[in-house]
Amino acid sequence: MGTATWVSIPHNTNSPTSFRDWGQPFSQALATVGLVQTADTGQIDWSTVANPSSSSTLVGYEIWRFNDSLQATAPVFLRVEYRSSTTTVNPRMDILIGTASDGAGNVTQFLPTLQLNATTAGLTNQPCYMSSGDGHGLVFALWTGSTSGYRLCGFMERTRDAAGNATGAGFYHISQNNGTFSAQYFLNTYASPNPFNSPVVAGRKWSGGVMFGGALGLAWDGTVPAFPNMFTDARGNYWYSKLMLAGAPADYTDGVTFQIDGVTHIAMNTIGGADGANSANAIAIFRWT
C-alpha cells in the first residue's frame, strides 16, 4: 500500500528532457506505491532516453508486477509503454495487463490494453496522483490541474467478495481520456471454467448510487455522500470497488483528502465522469490509504 504525488509537464518536446521529465516520475511513483519492477531485459533507461522524434512512437517500456498476497496464485504483470501520441508533442501511455512476463519484456496479456492518450500538450507543471489503496489495485490521475485534453486517469483492481476482500477470481480496468471514461472490461482469468468467452463491456456494470444496503450502500464523509461503484459478471455475481467511489462534483474539491468510514480518500474533481459513462455528473474519489 502507498501513495504518491508529484507535478510534471505533459509535453514530449518542450525541452531536451521533456519526455523523461514526465515519464520517469510516473515510473518512480509505481515503486513508491508498492509495485515491483521485474528484471526483464530491454527496459527503458531514464538516464539516456531521448524525446520521441515522431508521432505514435513507442519510446520504451517497463515491466511491473503486483506485490500483494494473491500474486503467487493470481499473478498480475503490467507492461507500461511510454509513447508519443498521434501528435509528437502529446504524451501517451499504454498499459498491457498479463499473467506473466517472459523475461524479455513481453507479457501474457489477458485484458485489452489500457490506453492513456493526451489529445493536447501543456507547458506548465500539473499535479499527478497515484495510490494502490489496500494493495490490491492501482489508480492514478495525471495532470489534473486543468480541463485541457491531457487529463488522464487509469484504474485497475482485483475482484472482491461480498465482504470487500480482494479475490483471485478476476481483474478489471478503466481508463479515462480528457474527461471521458472508457467501457469497462472484466475477465475471470483464473477461474475454471472461465465464465466469459470474451471481455464484458459497458452494460455489465452498475455505477455509483446503486443501493444494496449495509456496507454496499452509501458511504459518508460526515457531511456529503459518496457512492460505491458496483460491478457484475456474466453469471450474476457482483462486487464493488474499494479503490474508487463516485460523488457529486459540487461536494468535492480536487486533491483534497477526507475520511470515509475511517479511511482516507481523495477527490479528483477535474477527472469528469466517474460512473463509467460519458457523463460529467459524477467525480472520481480514490482510496488514499
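The values are calculated or read from the model by the stated rules, or taken from the named source; none is laboratory data. Quick caveat, the model's predicted, so the values are computed rather than measured. Heads up, the Cβs are rebuilt from the backbone with ideal geometry, glycines too, and the neighbour counts pull from every protein chain shown.
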Open item on the list: I need a count of the residues in region 1-17 that are of a type in the set (S, T, N, Q) and either assigned to a helix (DSSP H, G or I) or closer than 30 Å to Thr257 by Cβ (or both).
Closed with: 3
TODO: Could you please let me know if Asp45 is more than 21 Å from Thr119 (Cα to Cα) and acidic (Asp, Glu)?
DONE: yes
TODO: Hey, can you tell me all the residues within region 1-17 that are touching a helix residue (DSSP H, G or I) at 6+ places or on another chain (Cβ under 7 Å) and either closer than 25 Å to Ala166 by Cα or crowded, with 20+ Cβ neighbours inside 10 Å (or both)?
DONE: Gly2, Ala4, Ser8, Pro10, His11, Asn12
Open item on the list: Among the residues of region 42-59, are any out of contact with any Asp or Glu (no Cβ under 7 Å at 6 or more places or on another chain), in contact (Cβ under 8 Å) with a residue 60 or more places away in the chain, in a loop (DSSP other than H, G, I, E, B) and of a type in the set (A, V, I, L, M)?
Closed with: no
TODO: Could you tell me which of the residues Tyr150, Tyr172 is over 24 Å from Thr257 (Cα atoms) and not polar (S, T, N, Q)?
DONE: Tyr172
Task: For Gly98: the one exception among (1) part of a loop (DSSP other than H, G, I, E, B); (2) surrounded by 15 or more Cβ atoms within 10 Å (Cβ to Cβ); (3) small (Gly, Ala, Ser) - done: (1)
- [ ] Please work out if Ile63 is within 30 Å of Gly122 (Cβ to Cβ) and more than 15 Å from the chain's Cα centre (by Cα).
- [x] yes
- [ ] Of the numbered conditions (1) in contact with a helix residue (DSSP H, G or I) (Cβ under 8 Å, 6 or more places away or on another chain); (2) modelled with pLDDT of 95 or more; (3) outside any strand (DSSP E or B), Asp68 fails exactly one; give the number of that condition.
- [x] (1)
TODO: Please indicate, with yes or no, whether at least one residue in region 18-31 is surrounded by fewer than 19 Cβ atoms within 10 Å (Cβ to Cβ), out of contact with any His (no Cβ under 8 Å at 6 or more places or on another chain) and part of a loop (DSSP other than H, G, I, E, B).
DONE: no
Open item on the list: So, restricting to strands (runs of 3 or more DSSP E) that lie completely within region 103-181, which ones have at least 2 residues that are of a type in the set (Lys, Arg) and surrounded by 22 or more Cβ atoms within 10 Å (Cβ to Cβ)?
Closed with: none
Task: Filtered residue count, region 70-100, keeping only those that are touching a residue at least 12 places away in the same chain (Cβ under 8 Å), polar (S, T, N, Q), out of contact with any Ser or Thr (no Cβ under 6 Å at 6 or more places or on another chain) and under 19 Å from Phe171 (Cβ atoms) - done: 1
